Amino acid sequence: MPLPEPDGRPEILVLRAIKLGDLLVAVPALHAIHRARPEARILLATTGWLAPLVELIDGVDVHLPQQGLDHAIAIAPGRVRTVVDLHGNRPLSTDLLDALLPDERIGFRWEPDGKPHWDGPEWVDGIHERDRWAAVPTWHGMPADPDEVWINSPGPSADPGAAVIHVGAAYGSRYWPSDRFATVARRLERDGLRVVLTGGESERNRALEVAEAAGLADDRVLAGRAGLKEFAATIADARVLVTVDTGAAHLASAFRTPSVVLFGPSPVEEWGPPPGPHLVLTDASLRVGDSFGSDPDPALLAVSAAEVLAAVAQLSESSGH
């Protein structure tokens, strides 16, 4: 889709060219920018396949597909006055934004040659990602609430009130055993919930294996079948979500869907859900922390199916179901 022509409003370009969960932890920062600059047209340069989710972020007017940082942003230099670095992979991200010749740069402090180049807050390791990105607009006079993670409704779900079990993960380090997912699915189905299994296209076979072991029909497997907007709608209208630390968990936070989130290599303190109907299960004392590893992290394997079922029951009781 070609970039829309300027419409007379000042334009702000925000860079966040990364995956679903990473985009959603930056939503509080996007809310803050929109709130502080309501007269501006906000252009978000982020991963192309996230387009259906970008449409749900209040205040974002234009999606610029940007697959990583190895190519220029598709907009003419000099067009936008303000650029915002919510990607943070300096100098790659700052170089891409500097090439647009902006008048105003919003991001973290960046002094590659010992001289102030980008002014802003200092980068701090070990803090929560929502706090990290909310700090950027806040420092620049646009106060952000790190827990303001909401996005707009994706529309009705084809499976309203389902118990959603998300079996997928980007890396093997976050793969909870299939037989445990099956145990959870079988028990929830027995307790009267309609269970559906989600995941990406590459995870469809894994989801089918879980379905077979749980005694569920293949039509309960949405993995590889539902598009991103349908996936979001399924989570938004779910009774409960069971997932490892993935984009699905961040969607549950955005829609305040009750969720049980299993953590392995990533610290809960940096990636855990905001306050709400969400329970986290892990054993941090066993964490190896190799996020891109091929073997499940021991902190994740320490979580049993019984613990997950107990957490689902706790959420059900607190919600009155």
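The values are calculated or read from the model by the stated rules, or taken from the named source; none is laboratory data. For clarity, every value in this text was computed on a predicted model and none was experimentally measured. Positions of Cβ are backbone-derived with ideal geometry, glycine not excepted, and every protein chain shown enters the neighbour counts.
Right, Asp218: at pLDDT 95 or above and under 18 Å from the mean Cα position of the chain (by Cα) or not?
no
Working carefully through the options Gly276, Gly264, find the one that is assigned to a loop (DSSP other than H, G, I, E, B), within 24 Å of the chain's Cα centre (by Cα) and touching a residue at least 24 places away in the same chain (Cβ under 8 Å).
Result of the check over Gly276, Gly264: Gly264.
Please go through (1) surrounded by 18 or more Cβ atoms within 10 Å (Cβ to Cβ); (2) in contact (Cβ under 8 Å) with a residue 60 or more places away in the chain for Arg287 and return the number of the only condition it doesn't satisfy.
Against the list (1) surrounded by 18 or more Cβ atoms within 10 Å (Cβ to Cβ); (2) in contact (Cβ under 8 Å) with a residue 60 or more places away in the chain, Arg287 comes up short only on (2).
Here is a list: Leu86, Leu30, Leu15. Which entry is crowded, with 20+ Cβ neighbours inside 10 Å, touching a helix residue (DSSP H, G or I) at 6+ places or on another chain (Cβ under 9 Å) and without any contact (Cβ under 8 Å) to a residue 60 or more places away in the chain?
Leu30
Filter the range 183-221 for residues that are crowded, with 21+ Cβ neighbours inside 10 Å and β-branched (Val, Ile, Thr) and give the result.
Those that are crowded, with 21+ Cβ neighbours inside 10 Å and β-branched (Val, Ile, Thr): Val184, Val195, Val196, Thr198, Val210, Val221.
Can you confirm whether the range 239-254 contains a residue that is within 11 Å of His166 (Cα to Cα) and of a type in the set (Ser, Thr, Tyr)?
Yes - at least one qualifying residue is present in the range 239-254.
Tally the residues that are in a strand (DSSP E or B) and touching a Lys or Arg at 6+ places or on another chain (Cβ under 8 Å), restricting the search to the range 181-199.
Looking only at that region, the number is 3.
Filter the range 285-310 down to the residues that are touching a Leu at 6+ places or on another chain (Cβ under 6 Å) and not aliphatic (A, V, I, L, M) and list them by number.
Pro298, Glu307
Residue check: is Trp133 assigned to a loop (DSSP other than H, G, I, E, B) and hydrophobic (A, V, I, L, M, F, W, C)? Can you show your working first?
Details: assigned to a loop (DSSP other than H, G, I, E, B): no; hydrophobic (A, V, I, L, M, F, W, C): yes.
In short, no.
Would you confirm whether or not the range 137-159 contains a residue that is assigned to a helix (DSSP H, G or I) and touching a helix residue (DSSP H, G or I) at 6+ places or on another chain (Cβ under 6 Å)?
yes
When residues of the range 102-120 are filtered for being surrounded by 15 or more Cβ atoms within 10 Å (Cβ to Cβ) and assigned to a loop (DSSP other than H, G, I, E, B), how many remain?
5
Looking at Pro38, is it within 21 Å of the chain's Cα centre (by Cα) and modelled with pLDDT of 95 or more?
Here the answer is no, as Pro38 does not meet what is asked.
Pull up the range 121-164, narrow it to residues that are under 30 Å from Glu230 (Cβ atoms) and among the aromatic types (Phe, Trp, Tyr), then point me to the one that is surrounded by the fewest Cβ atoms within 10 Å (Cβ to Cβ).
Trp150
Conditions first: (1) among the acidic types (Asp, Glu); (2) part of a loop (DSSP other than H, G, I, E, B); (3) surrounded by 16 or more Cβ atoms within 10 Å (Cβ to Cβ). Asp295 passes all but one, so which condition is the exception?
Result: Asp295 fails condition (3) only.
Given the conditions (1) touching a helix residue (DSSP H, G or I) at 6+ places or on another chain (Cβ under 9 Å); (2) modelled with pLDDT of 95 or more, and given that Ala313 satisfies all but one, which numbered condition is not satisfied?
It is condition (1) that Ala313 fails.
In the range 100-113, is there at least one residue being hydrophobic (A, V, I, L, M, F, W, C), assigned by TED's automatic domain parsing to the domain that holds Phe292 and in contact (Cβ under 8 Å) with a residue 40 or more places away in the chain?
no
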